[in-house]
Amino acid sequence: MTVACRPYPIAASPHEDARSTIRGMSDRVTAAILAAGSGIRFGGSTPKQLLPLAGKPLLAHSLEAFAAVETVDAIVVVTTDDLVAEVRDLASVVIPKTTDVISGGATRDGSTRAALGVVSDPNGKILVHDAARPLIAPKIIAACVTALDRFDAVGVAVPSADTMLEVVDDR
């Protein structure tokens, strides 16, 4: 495993000019934003991806980050059946790059497969992102796109900060 540059992508499967060895690869970039989680651990009646964070729905932050990257050509949002219309409305207001809002599977794997099924150019670069991680920076997204020129797959690892907890009355 090769570390490209922290907090930038950690890449796997390095190849010399990997993309030229994969027949039919294109430069089209599609982002799949996975927003079909139930948020059971989070609690509450509003789905986590629609809760406000800094004045806008959590999902909007991820959409804006991917839309800000010039090399991202299309964005597919995967959500639950009952939120497709609401997420479609949100996505159309936030960004014009959203090409589709679809229903996900029962698991993250199922939702990823659903997204891959609607990608218009399966030979292009495909980015998969969890909408519950709204603080992704456009520069990290751009670094992933660039890393895919050299590697078959990349993953992002960002060092975590220490957590501080305040205990009041033993809680």
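The values are calculated or read from the model by the stated rules, or taken from the named source; none is laboratory data. Since we're looking at a predicted model, the values are computed, not measured. Please note: Cβ atoms are built from the backbone with ideal geometry, for glycine as well, and neighbour counts cover all protein chains shown. Surface areas here come from the heavy atoms of the whole protein model, side chains and all, with no ligands, DNA or RNA. Shrake-Rupley method; radii C 1.70, N 1.55, O 1.52, S 1.80 Å.
Among the conditions (1) more than 24 Å from residue 81 (Cα to Cα); (2) surrounded by 14 or more Cβ atoms within 10 Å (Cβ to Cβ); (3) in contact with a helix residue (DSSP H, G or I) (Cβ under 9 Å, 6 or more places away or on another chain), residue 97 misses just one, which is (1).
Considered as a group, the residues in the stretch 127-153 that are more than 13 Å from the chain's Cα centre (by Cα) and hydrophobic (A, V, I, L, M, F, W, C) include one that is most open to solvent (accessible area, probe 1.4 Å), and that residue is 153. Which of the residues spanning the stretch 5-61 are over 19 Å from residue 72 (Cα atoms), at pLDDT 90 or above, of a type in the set (A, V, I, L, M, F, W, C) and surrounded by 12 or more Cβ atoms within 10 Å (Cβ to Cβ)? Residues satisfying the conditions are 53, 58.
Among the residues making up the stretch 115-126, a single one is in a helix (DSSP H, G or I) and either open to solvent by less than 30 Å² (accessible area, probe 1.4 Å) or among the basic types (Lys, Arg) (or both): 115.
Within 21 Å of residue 119 (Cβ to Cβ), touching a strand residue (DSSP E or B) at 6+ places or on another chain (Cβ under 8 Å), assigned to a strand (DSSP E or B) and not aromatic (Phe, Trp, Tyr): is that true of residue 72 in this structure? No: the conditions fail for residue 72. The numbered conditions (1) in a helix (DSSP H, G or I); (2) open to solvent by 70 Å² or more (accessible area, probe 1.4 Å); (3) under 23 Å from residue 26 (Cα atoms) are all true for residue 109 except (3). Report the residue count in the stretch 154-165 for those that are of a type in the set (Gly, Ala, Ser) and open to solvent by less than 70 Å² (accessible area, probe 1.4 Å). Looking only at that region, the number is 2.
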